[in-house]
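S.K.: The following block contains the structure, expressed as structure tokens.
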Protein chains: 4
Amino acid sequence: TTFEMDAKHGTDYHERFKKFLIYVQQNDLVVDGCMTDARGDRSKSPGQQPDPDAYLHVVEKREDGIVVRGCKLHQTGMINSHEILVMPNNALKEDEQEWAVCFAVPTDAPGMLYVYGRQSCDTRKLEDNKIDVGNINFGGQEVMTIFNNVFVPWERVFMNGETDFSTTLVERFAGYHRQSYGGCKVGTGDTLIGAVKAITDYNGASKASHVKDKIVEMCHLNETLFACGIACSAAGRKTAAGNYLIDLLLANICKQNVTRFPYEIARIAQDLAGGLLVTQPSAQDYDNPEIGPLVKKYTQAADDSEKRQRMLRYIENLTMGCGAVGYLTESMHGAGSPQAQRIMISRLIDLQHRKDLAEKLCGIQENHDIDWK
Amino acid sequence: TTFEMDAKHGTDYHERFKKFLIYVQQNDLVVDGCMTDARGDRSKSPGQQPDPDAYLHVVEKREDGIVVRGCKLHQTGMINSHEILVMPNNALKEDEQEWAVCFAVPTDAPGMLYVYGRQSCDTRKLEDNKIDVGNINFGGQEVMTIFNNVFVPWERVFMNGETDFSTTLVERFAGYHRQSYGGCKVGTGDTLIGAVKAITDYNGASKASHVKDKIVEMCHLNETLFACGIACSAAGRKTAAGNYLIDLLLANICKQNVTRFPYEIARIAQDLAGGLLVTQPSAQDYDNPEIGPLVKKYTQAADDSEKRQRMLRYIENLTMGCGAVGYLTESMHGAGSPQAQRIMISRLIDLQHRKDLAEKLCGIQENHDIDWK
Amino acid sequence: TTFEMDAKHGTDYHERFKKFLIYVQQNDLVVDGCMTDARGDRSKSPGQQPDPDAYLHVVEKREDGIVVRGCKLHQTGMINSHEILVMPNNALKEDEQEWAVCFAVPTDAPGMLYVYGRQSCDTRKLEDNKIDVGNINFGGQEVMTIFNNVFVPWERVFMNGETDFSTTLVERFAGYHRQSYGGCKVGTGDTLIGAVKAITDYNGASKASHVKDKIVEMCHLNETLFACGIACSAAGRKTAAGNYLIDLLLANICKQNVTRFPYEIARIAQDLAGGLLVTQPSAQDYDNPEIGPLVKKYTQAADDSEKRQRMLRYIENLTMGCGAVGYLTESMHGAGSPQAQRIMISRLIDLQHRKDLAEKLCGIQENHDIDWK
Amino acid sequence: TTFEMDAKHGTDYHERFKKFLIYVQQNDLVVDGCMTDARGDRSKSPGQQPDPDAYLHVVEKREDGIVVRGCKLHQTGMINSHEILVMPNNALKEDEQEWAVCFAVPTDAPGMLYVYGRQSCDTRKLEDNKIDVGNINFGGQEVMTIFNNVFVPWERVFMNGETDFSTTLVERFAGYHRQSYGGCKVGTGDTLIGAVKAITDYNGASKASHVKDKIVEMCHLNETLFACGIACSAAGRKTAAGNYLIDLLLANICKQNVTRFPYEIARIAQDLAGGLLVTQPSAQDYDNPEIGPLVKKYTQAADDSEKRQRMLRYIENLTMGCGAVGYLTESMHGAGSPQAQRIMISRLIDLQHRKDLAEKLCGIQENHDIDWK
Ligand SMILES: Cc1cc2nc3c(=O)[nH]c(=O)nc-3n(C[C@H](O)[C@H](O)[C@H](O)COP(=O)(O)OP(=O)(O)OC[C@H]3O[C@@H](n4cnc5c(N)ncnc54)[C@H](O)[C@@H]3O)c2cc1C
Ligand SMILES: Cc1cc2nc3c(=O)[nH]c(=O)nc-3n(C[C@H](O)[C@H](O)[C@H](O)COP(=O)(O)OP(=O)(O)OC[C@H]3O[C@@H](n4cnc5c(N)ncnc54)[C@H](O)[C@@H]3O)c2cc1C
Ligand SMILES: Cc1cc2nc3c(=O)[nH]c(=O)nc-3n(C[C@H](O)[C@H](O)[C@H](O)COP(=O)(O)OP(=O)(O)OC[C@H]3O[C@@H](n4cnc5c(N)ncnc54)[C@H](O)[C@@H]3O)c2cc1C
Ligand SMILES: Cc1cc2nc3c(=O)[nH]c(=O)nc-3n(C[C@H](O)[C@H](O)[C@H](O)COP(=O)(O)OP(=O)(O)OC[C@H]3O[C@@H](n4cnc5c(N)ncnc54)[C@H](O)[C@@H]3O)c2cc1C
Ligand SMILES: [Fe+3]
Ligand SMILES: [Fe+3]
Ligand SMILES: [Fe+3]
Ligand SMILES: [Fe+3]
């Protein structure tokens, strides 16, 4: 996109961006893709908001750079990133130039403020016994990222007022992101399928035909997402700038399915896990010298009760705990809410072409493709 | 069922049970319907389990009563009940008499042990600020209920060895329970629909056509459950014992839908709520003198930021927090896992009758219903 | 509705209508409920149409009655009805009085014209061998019903210009009709379930677990529709006029499900029927002296080949033949397209009440229902 | 597969097959892939059938070749093919060698008999006016193909008794076929989407938000199938024999979706088309000098009535007429019924690997992938 901006506007964003990218790659840095604004009243565009900071914008232009203010919500992994790459949130009108800004800052730049988001069951991570967390070693976080008058030097500014490119930039970033879920959420789904296979083994239920069939259904849904992810890439093509762009339509198709199937996979997982998923005593009760042995005796199924305890916690984690933030709600909203994809699909599909095909087949239009000789 | 047992076996369970019921009603007591056993290996029946206590059973018969041992899992509201009415978990074979036992004990009977189940986000209830709980005043609990050699006097025993009635008892109890979800889960669903209406108002998004359409879909699914609940009762009939029995087939239909629609309603709720549902800062951050004002500034939408904060916590509660235990997982497993209803449906539907109809219509069987004269 | 019109406008429609009804009941006549107009351009209301006849209207008022012109489409069973009861198609604006007309005429009134609609596979009924029709004795028809300047005497006019009651009339008629599908389509569904049970028996496949499970699913969906139908009636109530009115909200819920489940039932039916459903040779080939024996030899499964032949034709009839008109497309559009129900649901659901509930639960509104003492 | 058979059994099938393929390509011949046997009782394997001809088999081995008997059902496009490539129907046991036969014959070989299958609405093609067919120029056919003692010379025999390769051959052929539907059915779907766009334009309904949203849903489902088709190929790989093999798991995923989505697309199409789809008068009535003008007057919407007439017939064709055979029922059964894909998915998915992942994440197995240093 920087390449195309330069071509049209004579700017040198592409060169600046390449330098930044080389710096990032040489130092093996983690960069947070930072797009989603606070957004205030959803029915108003950036310029119409009572509080102009509802969308991050340029509040001052200086000789050596710009000063920005605003807040980017829901930033995944922000706290463990080195750099932040900020982009505008959405398509902008011509007079909304101050919001058309793209730049990079290090996470420890002056004026940056981070407010950690609460996740379901987050405080279990602070308890002594880690079993109740479910996912023993891993987790993530989303962070409210406040830019409280942050200075950005010119060489780190990659867009500044080019409202005519905001749409392209947003659609492409969202496109890559929507495709990426065809891998990310599928991997998580794989572990959930494995967990369900495990728990039904432990319970002694894995040979029942409905159990096997439901696991097939989970796999089917998960692999459909995988297929969508693969297809985005396979149908991608080289751009003038030299990078490869995924197929935008298929990326939106991919993400739209991601807003549905993980929820159904999670529902089936809860079916096969059994009710202990949500009524299991705390890990402290399992360890309690008096009560513990009875708890274990009565949660024993076809395998060791600790296995069942741990695996149920893992399934709880992914379907309603910390992990559900990433596996479910992020599947819904990350890279844009479902309706955002539907709008893109309606734009990218050529309905007129399809209408012509139909009109030829039923004889409304003449069909020149046919040559009966 | 006690009535029918007496008729067949000459016992006097019905009289005993009526006395118990009168006692309960006169003292306005809460009784826990206590059915689900620990169950050990799911592929083995009670008599085949390595540990005979996997299903609650009679371990001693005395002159004045019986002594029982076992564990009933997942008991909703046990801690706030006065009495426990214990029933066998499932159909039993003739030689599994010791598990065919039905009785009542007060919750504080000697030998009773209760282990409180953990719920998602449970410890938020212990935090100072209650906003993060979502549902400020209400909650529930499921309790592992251990009968550690508990004595039951004869007048409190309502079944003792009558394996031939275990199926009937289980099917009827489950039937009532499956019907009841056509009210219980619908009410919860109503509050979730209201919460979603509220949050879209606060966000300024409630006029978008997809938003309105999704709320209609939530209502449609919820009211379908309600219709199923009503139909169970409307099609019920009086039994020989004088009580009314709901339509068993429709009760199973009702519950089967309950294992599906609340999950879809919750999925739509998460769509319309927006991502802040899972990335919202803690109530402490909202109250923090330094950070608080910024948090509020940036979570302000079309209405007051505290409204949004509270309502998102309520939706979180129902879709992944404490409330999700009751609204989702209990919808799945309470009163029996989905497959249990499917087995009942296949038993209660008369396929032969339907086959006959079809064979008459296509001329395989003669159709005596027709008289063309 | 006539009762309420009289109360407001001082008319005597109710008396007229009761006389008509008594006449109908005493002579045991079939009356076609005739609502759906031709409707021209869907984006225009009756008064805006280039051709005013797009909606049936009064073209002349005479001393002894009115003359009407227009066309009612899709009239089920018109040809086998004695009388036609015409109602306006939809809500009308104040200045659209000429379209606010309700009356009855006998089917052989002068000026009436009927154009029989084509159904899928209709001409099979004209073939010598009836097996290929599938449903040997029964069928139906929808008829384009043209009112070419038809005279209606005053005693047969039940509404004439009362635009303020058009909405009520339409909503109630549609309501009853939407409820009735909870019986009608369920009965047809029962025969389809029976047909599928039969064909899997004939094929030797009925013991496979996925086959049994799919039949359970068909039953589950069908009985859900049945439950919705029952609920509409059970929740109905007496009106001031003395007749009983079904619960309008539940009637719309019922019909909305009818626009979905029969299609899924038909899909499963096609799965279990097997591919011969659509590749089966003609009945003439079965009877052919040369080819017939080979055709029978190779369509023989676990039962007599003629049974299979007939039953597959019956399933074809219901899922893509004449019967599919009534079982599928009428389930979609009869009594109004799906969107019509959604609009009604959104009107009849009290969202504000549900919002209040949610606001009380999360502490936005004070909860006066609670009294902790 | 012939390559691998030769490697194991020292046969020369590969050479024979290559010769056949070169012959086909040089003469640009159409070859019918001929797999599905009559199959008799579904619960019995080929060797257990009362009639051994239920599965095509070798009835005589001669010096110059073999003689085969049996019947292949549902052969798409058989009548317009030059050659038939016959394969066994399914996995075979060691003692079922006579059914393990693969060969090619020209369609006019002595002993071949063809019985044309009836399609829904087939006789409309014989009527004078072609409009009611819907798809004016195109159609297809499935043919019962009887091999009544047909001789096959050795150079045309590609498998003869190698039961150990029947599974591989069937799975691969089915795999390619299942992938191919990710293109074939998507193309048909495109024309249906176009038809629906057209009819809503003609009706004046295409600007309604629910109409646009439903078209997006149709596109979404159709493109998901397309993505699955693309993914099968993109994830394919070269075999030892030199040809490319699609990804078998994804091919089964693709087909499984094909058994669902076209039905939902067709359902939506019927919604948006309106009820005239199934109640439209015959083309003869449109042309009738007396009735015709009235029919046209009252079927006029926002565009020319003939356009509407033709387009509705096209949608009827695809959703319940001749075209529904290919678009719906073939989507269900072609290349194997849904359950066939589920069995393949359960075989091709590595559940143990997924179980290991889950056990590592919740601490049951040690996680050697982690190195915290
Ligand atoms: C929130 C909640 C509240 C509850 N409240 C009560 C209550 O108040 N009183 C009460 O008595 N009970 C209560 N229950 C218990 C409920 O009835 C059980 O959860 C339910 O019967 C399922 O049993 P389970 O949890 O042991 O699951 P499991 O039996 O372990 O089932 C897990 C999965 O395995 C399958 N499966 C298990 N065994 C077999 C088998 N043999 N063959 C085939 N498939 C099998 C199931 O179909 C399911 O898919 C509650 C449960 C929950 C979750
Ligand atoms: C777990 C998680 C991780 C995320 N990670 C990142 C990240 O790393 N980087 C990043 O930049 N962003 C991230 N996001 C943000 C994500 O892109 C947004 O959540 C998404 O764009 C939706 O915005 P929102 O949450 O404000 O919801 P809202 O915009 O409030 O949407 C709520 C509902 O209202 C509807 N709606 C809103 N406005 C309108 C309108 N004007 N017209 C019609 N309907 C409307 C939506 O369709 C939706 O149904 C993440 C989000 C989540 C939940
Ligand atoms: C339009 C169309 C075009 C086709 N084109 C071709 C073609 O070109 N070439 C070709 O070779 N074939 C073709 N086929 C055949 C196709 O592969 C078969 O239809 C398919 O394999 C299903 O077999 P069936 O129709 O005999 O159904 P059945 O096998 O009778 O299946 C009916 C139902 O019974 C179930 N069932 C059957 N047997 C069992 C069992 N043992 N255990 C459990 N469940 C069972 C099935 O799962 C299914 O639900 C075509 C089919 C159709 C409909
Ligand atoms: C088999 C069958 C039997 C029937 N039997 C009877 C009967 O006995 N008596 C009787 O009176 N009627 C009967 N009907 C008519 C039925 O009520 C209508 O089909 C129905 O109201 C839909 O109208 P339509 O067919 O003109 O479709 P359309 O109105 O053309 O609808 C097609 C699509 O366009 C949409 N649409 C249309 N207009 C608008 C708009 N303004 N805004 C938004 N979306 C729009 C619809 O929602 C739908 O998705 C029958 C119909 C069928 C199919
Ligand atoms: Fe993210
Ligand atoms: Fe409960
Ligand atoms: Fe009708
Ligand atoms: Fe085919």
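S.K.: Roughly how many Å is it from the Cα centre of region A:1-74 to that of region D:1-61, as a whole number?
M.R.: 63 Å
S.K.: Further, regarding this structure: Students sometimes get this wrong: rank B:327, D:263 by accessible area, probe 1.4 Å, all chains present, largest first.
M.R.: Details: B:327 5, D:263 25 Å².
Ranked from most to least accessible, the order is D:263, B:327.
S.K.: In percent, how large is the relative contact order of chain A, given Cα pairs closer than 8 Å and 6 or more residues apart?
M.R.: Numbers: 587 pairs, mean separation 61.2, N = 373.
This gives 16 percent for chain A.
S.K.: Over region D:103-237, what percent of the accessible surface lies on carbon and sulfur atoms, probe 1.4 Å?
M.R.: Working: 2530 of 4390 Å².
Heavy-atom surface of region D:103-237 belonging to carbon and sulfur, 1.4 Å probe: 58 percent.
S.K.: Residue by residue through region D:190-205, what is 3J(HN,Hα) from phi via Karplus (6.51 cos²θ - 1.76 cosθ + 1.60, θ = phi - 60°)? Round to whole Hz and write x for glycine and proline.
M.R.: Each residue's phi maps through the Karplus curve to give 4, 5, 6, 4, x, 5, 5, 4, 4, 5, 5, 5, 4, 6, x, 10 Hz.
S.K.: Would you kindly find the accessible area of residue B:347, with a 1.4 Å probe and non-protein molecules such as ligands, DNA and RNA excluded, rounding to the nearest 10 Å²?
M.R.: Surface open to solvent at residue B:347 totals about 140 Å².
S.K.: Using the 7 Å Cα-to-Cβ label point, sort the distances from residue C:289 to its equivalents in the other copies shortest first and give them in nm to one decimal.
M.R.: 4.7, 9.9, 10.9
S.K.: Right, next: What is chain D by shape, rounded, prolate or oblate, if you read a ≥ b ≥ c off the alpha carbon gyration tensor as root eigenvalues and call it rounded for a/c under 1.5, prolate for a/b larger than b/c, and oblate otherwise? Could you put the intermediate results ahead of the total?
M.R.: Values: a/c = 2.58, a/b = 1.33, b/c = 1.94.
Oblate, because a/c is 1.5 or more while a/b does not exceed b/c.
S.K.: Taking square-rooted eigenvalues a ≥ b ≥ c of the alpha carbon gyration tensor, is region A:32-96 rounded, prolate or oblate, where a/c under 1.5 means rounded and, failing that, a/b exceeding b/c means prolate?
M.R.: It comes out oblate by the Cα gyration axes.
S.K.: In square angstrom, what is the accessible area per residue of region C:168-352 with a 1.4 angstrom probe? Kindly include the intermediate steps, with their values, before the conclusion.
M.R.: On the way: 5430 Å² over 185 residues.
Computed with neighbouring chains in place, this is 29 Å² per residue.
S.K.: I need the calculated FRET efficiency for the pair residue C:244 and residue A:64, taking r as the beta carbon distance and R₀ as 56 Å, to the nearest 0.05. List each step's numbers first, then the result.
M.R.: On the way: r = 81 Å, r/R0 = 1.44.
Once rounded, the FRET efficiency stands at 0.10.
S.K.: Rounded to whole Hz and in sequence order, give me ³J(HN,Hα) for region B:160-169 from the Karplus expression 6.51 cos²θ - 1.76 cosθ + 1.60, θ = phi - 60°, writing x for Gly and Pro.
M.R.: 7, x, 7, 4, 5, 9, 4, 4, 4, 4
S.K.: In terms of the Cα gyration tensor, with a ≥ b ≥ c the square roots of its eigenvalues, is the protein assembly as shown rounded because a/c is under 1.5, prolate because a/b exceeds b/c, or oblate?
M.R.: Values: a/c = 1.17, a/b = 1.16, b/c = 1.01.
Since a/c stays below 1.5, the shape of the protein assembly as shown is classed as rounded.
S.K.: Partner chain Cβ atoms within 10 Å, averaged over the residues of B:246-258 - can you pull that number for me?
M.R.: Working: counts 0, 3, 0, 4, 6, 1, 2, 9, 3, 0, 6, 5, 0.
Mean inter-chain Cβ contacts per residue within 10 Å come to 3.
S.K.: Got a number for carbon plus sulfur as a percent of region D:1-77's accessible area, 1.4 Å probe?
M.R.: Values: 1850 of 3900 Å².
Here carbon and sulfur together make up 47 percent of the probe-accessible area.
S.K.: What quantity of accessible surface, computed with a 1.4 Å probe and excluding non-protein components, is buried in total between chains D and C, in Å² to the nearest 100? Walk me through the numbers on the way to the answer.
M.R.: Details: alone 19560 and 19550 Å², together 33480 Å².
Buried area (both sides, nearest 100 Å²): 5600 Å².
S.K.: A further question follows. Using a Cα-Cα cut-off of under 16 Å, which lysines could be cross-linked to residue A:214, ignoring same-chain neighbours fewer than 8 residues away?
M.R.: Straight-distance partners of residue A:214: A:197, C:212, C:214, D:355.
S.K.: For peptide A:116-127, how many partner chain Cβ atoms fall within 10 Å of a residue's Cβ, on average?
M.R.: Values: counts 4, 8, 13, 6, 12, 9, 4, 7, 5, 0, 1, 1.
Taking the mean over all residues of the peptide, I get 6.
S.K.: Next question, about the same structure. What residue in chain B has the Cβ closest to the axis turning B into D, and how close is it in whole Å?
M.R.: Looking at chain B's Cβ atoms against the axis toward D, the nearest is B:209, 2.
S.K.: Going by accessible area, probe 1.4 Å, with all protein chains left in place, what is the ranking of D:41, C:369, largest first?
M.R.: On the way: D:41 15, C:369 115 Å².
Sorted descending by solvent-accessible area, the residues read C:369, D:41.
S.K.: Residue C:307 accessible area, nearest 10 Å², 1.4 Å probe?
M.R.: Taking all protein chains as shown, residue C:307 has close to 60 Å².
S.K.: Report, for residue D:140, each distance to the same residue's label point in the other copies, shortest first and in nm; define the point 7 Å along Cα→Cβ.
M.R.: From this label point to the equivalent ones elsewhere in the assembly: 3.2, 4.2, 5.2 nm.
S.K.: Place the label 7 angstrom along Cα→C-beta at residue A:51 and in each other copy, then list the distances from the first to the rest in nm, shortest first.
M.R.: Its label point is 5.5, 5.9, 7.9 nm from the equivalent points in the other copies.
S.K.: Separate question: Sorting check: for A:132-141, D:170-179, which peptide has the highest mean count of neighbouring beta carbons within 10 Å, and how do the rest follow?
M.R.: Details: A:132-141: 19.3, D:170-179: 21.0.
Per-residue Cβ counts within 10 Å, averaged per peptide and sorted highest first, yield D:170-179, A:132-141.
S.K.: Between region B:234-307 and region C:157-227, what's the alpha-carbon centroid distance in Å?
M.R.: Distance between centres, Cα-based: 30 Å.
S.K.: At a threshold of 8 angstrom on Cα-Cα distance, excluding pairs fewer than six apart, so keeping six or more, what relative contact order does region D:168-352 reach in percent?
M.R.: 30 percent
S.K.: Using θ = phi - 60° and the Karplus relation 6.51 cos²θ - 1.76 cosθ + 1.60, list the HN-Hα couplings for region D:125-140 in order, rounded to whole Hz, with x at every Gly or Pro.
M.R.: Using θ = phi - 60°, the values come out as 5, 8, 6, 5, 7, 7, 4, 5, 5, x, 8, 4, 10, 10, x, x Hz.
S.K.: Is there a simple number for the mean count of other chain Cβ atoms within 10 Å of the Cβ of residues in B:316-322, and what is it? Present the calculation step by step, with values, prior to reporting the outcome.
M.R.: Details: counts 5, 3, 2, 5, 11, 4, 3.
So the per-residue partner count for this stretch is 5.
S.K.: Ok, one more. What does the accessible area of residue A:353 come to, in Å² to the nearest 10, when a probe of 1.4 Å is used?
M.R.: 100 Å²
The values are calculated or read from the model by the stated rules, or taken from the named source; none is laboratory data. The model shown is predicted, which means the values in this text are computed figures rather than measured ones. Heads up, the Cβs are rebuilt from the backbone with ideal geometry, glycines too, and the neighbour counts pull from every protein chain shown. For the accessible areas, the whole protein counts, side chains as well, though only heavy atoms, and no ligand, DNA or RNA atoms are used. Shrake-Rupley method; radii C 1.70, N 1.55, O 1.52, S 1.80 Å.
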